[in-house]
Amino acid sequence: MATVVAGTEGAEEKQSIPLVIGASSLGTIFEWYDFFIYGTLAASGIIGRTFFPTGSETLQTLLAWAGFAVGFGFRPLGAIIFGYLGDRLGRKYTFMATILLMGIATAGVGMVPSAEAIGIAAPILIILLRVCQGLALGGEYGGAAIYVAEHAPQGRSGFYTSFIQAAVAGGFMLSLIVVLCVKGVMSAGTWEAWGWRVPFLLSLILLAVSVWMRAQLHESPVFEQMRKEGTMSRNPFVESFTYPGNPRRILVAMFGIAAGLTVIWYTAMFSVLSFLQGPMKVAGTTAQVTVALGVAIGTGWFVLFGHLSDKFGRRKVIGTGYVLTLFLLMPIFWLIGSQANPGLAQASARAPIVVSGKDCHYDPFAARQSTPCAQVLGELTTIGVPYTIVADESLAVTIGGAAVADPHGEALAGAISAAGYDLTPQTPPAANLFVVLLGVIALSFLSGMTYGPVAAALAEMFPPEVRYSSMSIPYHIGCGYFGGFLPFIASYIVAKTGDPYAGLWYTLAVVVVALLAIIWGEGRSWQKNLDAGSAAR
């Protein structure tokens, strides 16, 4: 089926599937670019230094990721607001409104003065703009995914909607490419001073392109049919929770699909980028290019597994992805860590750092630690090296079994360097970098398997009358609270434990819950006829 028929003002007009997918996917790329550009720069530390200065690099990073999480925290509210509008007014105009809100808010982030210039007003404005971005994104994904799903030929919705899923990865990749290009045409000093704002301001150009493309689209044929027949929901938000069978489907969508796929996705994108630039001490540009290339190559996984889900079923493909993630996530990161900075890995194995003392309870949120041992842990965390804690009455630090005379400040950093730890940004040898790239592609494989079929799975779960609301609300609660807070929670766990791999346990725990939820959700929770609302009863 090359075209679909959409009624507009009483006339039937043909609208090509490539236009539907292209306009929806490109708009999604641009909208996620707007949302992810903050995270891309937060991973480099520039957001924390500019808007959340505290004197503690660790606390700055946590506050920057907290700002990132705020946007996700408001996605469910955006899903409620725009889901209601999408089910009452239509799919097309609702996700046109979301892209306008997102583009304006993103450009606003690039215009906010630093905390040094306007004080506390700077982080407040950033948080408010992140709230606007979260509201917009809460309405965007559901609208684009449903719009494509309701245009897809029978039995092909997994393949067609997989381009929307790939577009999300495309938004992340575009954010990295733009950052690299802008950095490449200016000096490091200029980039730090104001150049980092340019990627935010470029969203105005992307906004203009997105609005123009989406203006070419007609309304969804499924929505037009409901409007003609007068079967639209009177109150989509309420009916999403009262429609027969929907409460169970919403739980499966929230915990079994959204929560699981999103922690894998953010681990494969943001966590690996932070891991390379942070604990592994890989040069920022090298890490960004490697991750961008890996994501670009891995984007094909999303389309492949969307297509395979049409043949084998959404649940089987997503569930298999969860099982593989539980077995492979840690080994992939261990592989990346061993190759990203082999000198650091060898130094850590040859001369492990051991901290002994009492009251060794490091608080990542404290600007100054309360005990001498915690102060040492804070310095080691700032330096970015792994350590082990041993309870003892007296404070001591050993590196490879040799005691450090003065475990504070420059003396501690000097002792670590003397033990063979090279803490300067590194560019791994080409062979090692190739293995790191393969690791990123493998992470994209896990993400593609669990994310590629999702738009079709969610659209098929819910009846057309309340589809926008029913799909968007659990999706954005699951993504917003389980995935959006992942960088913050993972960074906190790493800072608390001193283990650069410890944050992955959060991802694995959520995936276990997701796997159990989709097993529990078999049966009526998996609708197969996209247009038949009665099939969901």
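Throughout, read-outs are computed from the coordinates displayed, never taken from laboratory work. Computed from a prediction, not measured in an experiment: that's the story for all the values here. Every residue, glycine among them, receives a Cβ derived from its backbone with ideal geometry; neighbour counts consider all protein chains shown.
Contact order, relative form, for the chain: 25 percent (alpha carbon pairs under 8 Å, 6 or more residues apart, mean separation divided by residue count).
Taking the chain as the region of interest, the number of lysine pairs whose Cα atoms are within less than 20 Å, with members eight or more places apart or on different chains, is 8. For the stretch 66-111 versus the stretch 20-49, the spacing of their alpha-carbon centroids is 13 Å. Calculate the dipole size of the stretch 84-156 relative to its Cα centre from +1 charges on Lys and Arg beta carbons and -1 charges on Asp and Glu beta carbons; express the result in debye to the nearest 20. So the dipole magnitude of the stretch 84-156 works out to roughly 220 debye. Which whole-number percent gives the relative contact order of the stretch 344-418, counting Cα pairs below 8 Å spaced six or more residues apart? So the answer I get is 37 percent. All Cα-Cα separations within the stretch 344-418 were binned at 10 Å from zero, giving a P(r) of 20, 57, 22, 1, each value a whole percent of the pairs. The angle between the Cα long axis of helix 372-383 and the longest principal axis of the Cα atoms of the chain comes to about 60 degrees, rounded to the nearest 10. On the basis of the beta-carbon distance and an R0 of 35 Å, Thr382 and Trp212 show a calculated FRET efficiency of 0.15. What is the distance in Å between the Cα centroid of the stretch 278-353 and that of the stretch 432-505? A separation of 13 Å, based on Cα centres. Once backbone amide H atoms are built at 1.01 Å from N, Gln426 has Val282, Ala283 as its partners under 5 Å, excluding neighbours fewer than 5 places away on the same chain. Rounded to the nearest 10 degrees, the angle from helix 467-477 to the longest Cα principal axis of the chain is 10 degrees. Put in line by how crowded their Cβ is, counting other Cβ atoms within 10 Å and starting with the fewest, Thr450, Thr381 read Thr381, Thr450.
Taken along the Cα-to-beta-carbon direction at a fixed 7 Å, the label points for Ser187 and Ala502 span 4.1 nm.
The C-alpha atoms of the chain define a longest principal axis, and helix 57-73 lies at about 10 degrees to it.
Sequence-ordered 3J(HN,Hα) estimates for the stretch 428-445 from the Karplus curve with 6.51, -1.76 and 1.60 and θ = phi - 60° stand at x, x, 4, 5, 5, 5, 5, 5, 4, 4, 4, x, 5, 5, 5, 5, 5, 4 Hz, glycine and proline given as x. With neighbour counts taken as other beta-carbon atoms within 10 Å, the residues Arg350, Arg467 rank, fewest first, as Arg350, Arg467. Model label points for Ile205 and Leu328, set 7 angstrom from Cα along the Cα-to-Cβ axis, are 3.7 nm apart. Rounded to the nearest 20 debye, the dipole size of the chain about its Cα centre is 1040 debye, using +1 on the Cβ of Lys and Arg and -1 on the Cβ of Asp and Glu. Only DSSP H runs of four or more residues enter the estimate; each adds -39500 (n - 2.57), and after division by the residues of the chain the mean residue ellipticity at 222 nm equals -21500 deg cm²/dmol. Cβ crowding within 10 Å, taken as a proxy for footprinting-reagent exposure, orders Lys183, Lys316 from fewest neighbours to most as Lys316, Lys183. Modelled label positions at Ile127 and Thr424, each set 7 Å beyond Cα in the direction of Cβ, lie 4.0 nm from each other.
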